[in-house]
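> Here's a structure for you.
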Amino acid sequence: MFLQKIQLNHFRCYSDLVLDFNQSINLVEGLNGSGKTALLESIYWQSTGRSFRHHKPIDLIQHNSVGMSVYSEFLTDEGTTLHKLGVGYQRNKKKTIKLNGSVLHKQTDVAHYFPVIAIDPDAYLWVDQPPQFRRSFLDWLVFHVKPEYLSVWKKTIRVQKQINELLKNQHHTQLDLWERRYAELAMQTQIFRNEVFKDLIPLVVTKIKQFLPEVKDFTVQLKKGWQTDEIIDQLQKDRQRNIRLGNLVSGIHKADIHCYSQERLVNTVLSQGQKKSLALIFYLSFIDLFQQQTNTKPIVCIDDIDSELDHYKTELLSQIIQQSGWQVFISLVDANSLKDQFKSKSVFHVKQKKGGSTITPHN
């Protein structure tokens with residue numbers, strides 16, 4: 001993927017911004033609060049419909065504006081056709097998506113067609129985040145490399161919600177039927193997750209040797225979310241507890257990724273710097289596997305790099321980026337700290353002004 005142009009209208013601190021890109025490596029510098037993260041956020045939001053800073057879409061609309069839009073022009077890896085993508089969102093929660101003039105009705109279609117992967121400050125807390133964060137990390141990867149996964153996952157979640165409603169409302173006579181259906185779908189979900197997880201881990205282990213050679217006997221396990229071999233057995237075992245609590249205590253919503261060093265959980269033995277490096281390893285492995293399985297290079301956004309990684313790890317990451325062929329957008333306070341790491345790059349300077357931020361090329 002190669003993003004050639006982006007236009008923001010009333011997105012966060014940008015009233016009307018148009019930028020053209022002609023390099024794979026783009027450094028976006030500016031003081032904290034100037035709006036450099038918002039540029040990366042706009043690229044990610046257009047692809048996924050989500051903000052990596054946990055803003056709701058309505059919160060991304062510039063103050064006193066009725067709506068916002070992000071328009072981009074990009075080339076796929078074949079590089080022969082220029083694609084035009086526009087995504088808009090109004091305060092009345094109306095969303096519009098157009099790709100090459102045709103209306104799209106699902107954000108997931110955009111994510112497949114225009115893939116963007118973000119590494120932001122929350123991502124560096126990967127090890128210490130709650131299980132839901134690591135579970136979402138895995139599900140997002142499975143979604144990209146197993147197109148049929150989304151349908152199965154959605155069905156599983158719908159049936160789980162139905163079971164929880166039955167439990168809350170004390171409608172226990174229907175539980176057997178719905179638990180059998182849930183068990184069938186949950187096992188399918190787990191198979192998808194497990195297949196992708198098995199492909200991901202060798203990539204992680206290889207990068208451990210590169211980034212964290214001091215971490216010994218590193219192992220990773222995918223905890224499926226229940227203890228028994230078959231989830232139907234777990235559901236029957238938990239029946240009375242589920243009834244008492246009014247929700248399922250075991251299932252796909254309890255899955256997690258556990259990392260160990262010398263048989264101890266890494267969050268108890270690694271330093272904060274090592275944890276950040278391990279998080280980066282997982283995201284770089286995510287990108288590698290995505291590229292292998294889809295034959296597509298995603299656009300990569302890395303936010304606030306100079307406050308998260310030490311000089312050695314930044315140099316190592318820069319080498320990987322330079323060799324990868326990805327188009328990368330990196331935000332940092334001062335691009336001088338990274339300029340010398342890249343032979344070819346564009347530098348953009350963000351400045352906050354009254355009425356909205358501006359971005360200018362600053363090579």
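> Spot the failing condition for Ser151; the list is (1) surrounded by fewer than 15 Cβ atoms within 10 Å (Cβ to Cβ); (2) in contact (Cβ under 8 Å) with a residue 12 or more places away in the chain; (3) at negative phi; (4) not basic (Lys, Arg), and only one is missed.
For Ser151, the failing item is (2).
> Taking only pairs six or more apart or across chains, which ones have beta-carbon atoms under 6 Å, a first residue in segment 8-36 that is in the same structural domain as Lys56 (by TED's automatic domain parsing), and a second residue that is aromatic (Phe, Trp, Tyr) and surrounded by 22 or more Cβ atoms within 10 Å (Cβ to Cβ)?
Close Cβ pairs satisfying both conditions: Leu8/Tyr14; Asn26/Phe329.
> Run down Arg135, Arg181 and say which single residue is farther than 30 Å from Ile58 by Cα and in a helix (DSSP H, G or I). First the steps, then the outcome.
Values: Arg135 fails: farther than 30 Å from Ile58 by Cα.
Step by step, each of Arg135, Arg181 is checked, and only Arg181 is farther than 30 Å from Ile58 by Cα and in a helix (DSSP H, G or I).
> Looking at segment 319-341, which of its residues are under 23 Å from Gln210 (Cβ atoms) and among the acidic types (Asp, Glu)?
Step one: filter segment 319-341 for residues under 23 Å from Gln210 (Cβ atoms), giving 319-328, 330, 332, 337-338, 340-341.
Result: Asp340, single match.
> Give the number of residues within segment 109-126 that are touching a residue at least 60 places away in the same chain (Cβ under 8 Å) and buried (at least 17 other Cβ atoms within 10 Å of the Cβ).
Narrowing segment 109-126 to residues touching a residue at least 60 places away in the same chain (Cβ under 8 Å): 110-111, 114-126.
Filter once more, so that each one left must be buried (at least 17 other Cβ atoms within 10 Å of the Cβ): 110-111, 114-120, 123-124, 126.
Residues flagged as touching a residue at least 60 places away in the same chain (Cβ under 8 Å) and buried (at least 17 other Cβ atoms within 10 Å of the Cβ) within segment 109-126 amount to 12.
> Hey, another quick one. Look at segment 327-341 and say how many of its residues are touching a helix residue (DSSP H, G or I) at 6+ places or on another chain (Cβ under 7 Å) and closer than 22 Å to Pro115 by Cβ.
4
> Moving on to the next point. Which numbered condition in (1) in the same structural domain as Asn242 (by TED's automatic domain parsing); (2) touching a residue at least 40 places away in the same chain (Cβ under 8 Å); (3) farther than 30 Å from Leu82 by Cβ; (4) hydrophobic (A, V, I, L, M, F, W, C) is the only one that Val145 fails?
Every condition holds for Val145 apart from (3).
> Select from segment 3-54 the residues that are buried (at least 20 other Cβ atoms within 10 Å of the Cβ) and among the basic types (Lys, Arg) and list them in ascending order.
Arg12, Lys36
> Follow-up. So if I check each of Lys353, Lys343, which one is more than 29 Å from Leu75 (Cα to Cα), assigned to a loop (DSSP other than H, G, I, E, B), over 22 Å from the mean Cα position of the chain (by Cα) and not assigned by TED's automatic domain parsing to the domain that holds Gly225? Write out each step before concluding.
Numbers: Lys343 fails: more than 29 Å from Leu75 (Cα to Cα).
Result of the check over Lys353, Lys343: Lys353.
> Something else now. Do we find that Ser331 is at pLDDT 90 or above and either within 24 Å of Met1 (Cβ to Cβ) or in contact with a strand residue (DSSP E or B) (Cβ under 9 Å, 6 or more places away or on another chain) (or both) in this structure? If you could, list the steps in order and put the result at the bottom.
On the way: at pLDDT 90 or above: yes; either within 24 Å of Met1 (Cβ to Cβ) or in contact with a strand residue (DSSP E or B) (Cβ under 9 Å, 6 or more places away or on another chain) (or both): yes.
Yes: the conditions hold for Ser331.
Here's the yes/no breakdown for (1) surrounded by fewer than 17 Cβ atoms within 10 Å (Cβ to Cβ); (2) assigned to a helix (DSSP H, G or I):
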| residue | (1), (2) |
| --- | --- |
| Asn194 | yes, yes |
| Lys198 | yes, yes |
| Leu203 | no, yes |
| Ile208 | no, yes |
| Pro213 | yes, no |
| Lys216 | yes, no |
| Val220 | yes, no |
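> Scanning segment 328-340 for residues that are surrounded by fewer than 19 Cβ atoms within 10 Å (Cβ to Cβ) and either in contact (Cβ under 8 Å) with a residue 40 or more places away in the chain or outside any helix (DSSP H, G or I) (or both), which turns out nearest to the chain's Cα centre (by Cα)? If you could, list the steps in order and put the result at the bottom.
So in segment 328-340, the residues surrounded by fewer than 19 Cβ atoms within 10 Å (Cβ to Cβ) come out as 333-334, 336-337, 339-340.
This time we only want the ones that are either in contact (Cβ under 8 Å) with a residue 40 or more places away in the chain or outside any helix (DSSP H, G or I) (or both), so: 333-334, 339-340.
Working: Val333: 23, Asp334: 25, Lys339: 26, Asp340: 28 Å.
Among residues in segment 328-340 that are surrounded by fewer than 19 Cβ atoms within 10 Å (Cβ to Cβ) and either in contact (Cβ under 8 Å) with a residue 40 or more places away in the chain or outside any helix (DSSP H, G or I) (or both), the one nearest to the chain's Cα centre (by Cα) is Val333.
> Next up: If I filter segment 72-108 down to residues being of a type in the set (A, V, I, L, M) and free of Cβ contacts under 8 Å to residues at least 24 places away in the same chain, which single residue comes out as surrounded by the most Cβ atoms within 10 Å (Cβ to Cβ)? Reasoning before the result, please.
Step one: filter segment 72-108 for residues of a type in the set (A, V, I, L, M), giving 75, 82, 85, 87, 97, 99, 103-104.
Now narrow it down to the ones that are free of Cβ contacts under 8 Å to residues at least 24 places away in the same chain: 97, 99, 103-104.
Numbers: Ile97: 19, Leu99: 16, Val103: 8, Leu104: 16.
If we take residues in segment 72-108 being of a type in the set (A, V, I, L, M) and free of Cβ contacts under 8 Å to residues at least 24 places away in the same chain, then Ile97 is surrounded by the most Cβ atoms within 10 Å (Cβ to Cβ).
> Give segment 288-327 a look and list any residue that's among the basic types (Lys, Arg) and either farther than 21 Å from Val28 by Cβ or assigned to a helix (DSSP H, G or I) (or both), or say none. Let's see the steps before the verdict.
Going through segment 288-327, the residues among the basic types (Lys, Arg) turn out to be 297, 313.
Scanning segment 288-327 gives a single hit, Lys313.
> Here is a further query. What is the residue count in segment 315-360 for residues that are under 23 Å from Gln62 (Cα atoms) and among the hydroxyl-bearing types (Ser, Thr, Tyr)?
Summing the residues that are under 23 Å from Gln62 (Cα atoms) and among the hydroxyl-bearing types (Ser, Thr, Tyr) in segment 315-360 gives 4.
The values are calculated or read from the model by the stated rules, or taken from the named source; none is laboratory data. Bear in mind that the values here come from a model prediction, so they are computed numbers and not experimental data. Backbone-built Cβ (ideal geometry, glycine too); neighbour counts: all protein chains shown.
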